[in-house]
1. Take G84 and tell me if it is at positive phi, surrounded by fewer than 23 Cβ atoms within 10 Å (Cβ to Cβ) and in contact with a Pro (Cβ under 8 Å, 6 or more places away or on another chain).
2. Confirm whether L89 is crowded, with 17+ Cβ neighbours inside 10 Å, modelled with pLDDT of 95 or more and within 16 Å of the ligand (Cβ to nearest atom).
3. Just checking: which of the helices (runs of 4 or more DSSP H) contained wholly in region 65-181 hold 1 or more residues that are closer than 26 Å to D50 by Cβ and not small (G, A, S)?
4. Test of understanding: among S118, S102, S94, S163, which residue is closer than 25 Å to R40 by Cα, buried (at least 23 other Cβ atoms within 10 Å of the Cβ) and hydroxyl-bearing (S, T, Y)?
5. Could you list, in sequence order, the residues of region 54-86 that are in contact with an Asp or Glu (Cβ under 9 Å, 6 or more places away or on another chain) and either at pLDDT below 95 or within 16 Å of the ligand (Cβ to nearest atom) (or both)?
Amino acid sequence: MKILKLVIIAIAAIVVFGVLAVAGLVAFMGYVGTDTLSSRATDSQMLAPDGTVAGKALVVYNPGLSGNPETAAKLIAGDLRDKGYEVCLAGINSTAAADVSSYNVIVVGGPIYGGVVSSSVQSYLTTMVPPEGAVIGAFAIGNNYSEQPFPTEAGLKTSAVISQNRDMDSQCAGFTAKLLD
Ligand SMILES: Cc1cc2nc3c(=O)[nH]c(=O)nc-3n(C[C@H](O)[C@H](O)[C@H](O)COP(=O)(O)O)c2cc1C
């Protein structure tokens, strides 16, 4: 009887350890994978508004493994263009993303893993030197269970965790409205 109990405890311990190891590996792979992919985000494009130009905006993204953060970045860039901004939509490792000096509005976003936005977004936010008076916003794409996945020193006017499971269009429109409010 005692031996049976010990065997059951040993099996349970192996199962728990296995589950934790797999979860840790997935988190690690996700975190590393998403930032490895971000190094390939080297494209950029310009979006010109109709009519009078309200200002210049830079929208920088880490595309993530799924591409959902890139989709959100495109929606936010489109919203800013519709509000009269000349927008540069730039992958986080593009040449365009490296120079923030001429923008009135700067938005940076990427995926969340383990409660924090991806490290490429964190370091972009904490190392960039925005021009005086620039409005800065950050977004993260996830399942919406993170409180504050952004570095606090980034001086953000607006930040949002945008859920990939809900209407991204309206969440991105809400983010842009708050940013320009
Ligand atoms: C290991 C792991 C950890 C995650 N942690 C969070 C989290 O803390 N908060 C959240 O909102 N979503 C979290 N998610 C969901 C991801 O952010 C979501 O799947 C997102 O789309 C990841 O982007 P990607 O697949 O484009 O890289 C996590 C997903 C995985 C696999």
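1. yes
2. no
3. 68-82, 168-180
4. Testing whether each residue is closer than 25 Å to R40 by Cα, buried (at least 23 other Cβ atoms within 10 Å of the Cβ) and hydroxyl-bearing (S, T, Y) leaves just S118.
5. Within region 54-86, A54, Y61, N62, P63, G64, L75 qualify.
The values are calculated or read from the model by the stated rules, or taken from the named source; none is laboratory data. Worth saying up front: this structure is predicted, and the values here are computed from it rather than measured. A quick note on method: Cβ atoms are made from the backbone with ideal geometry, for glycine too, and the neighbour counts reach across all protein chains shown.
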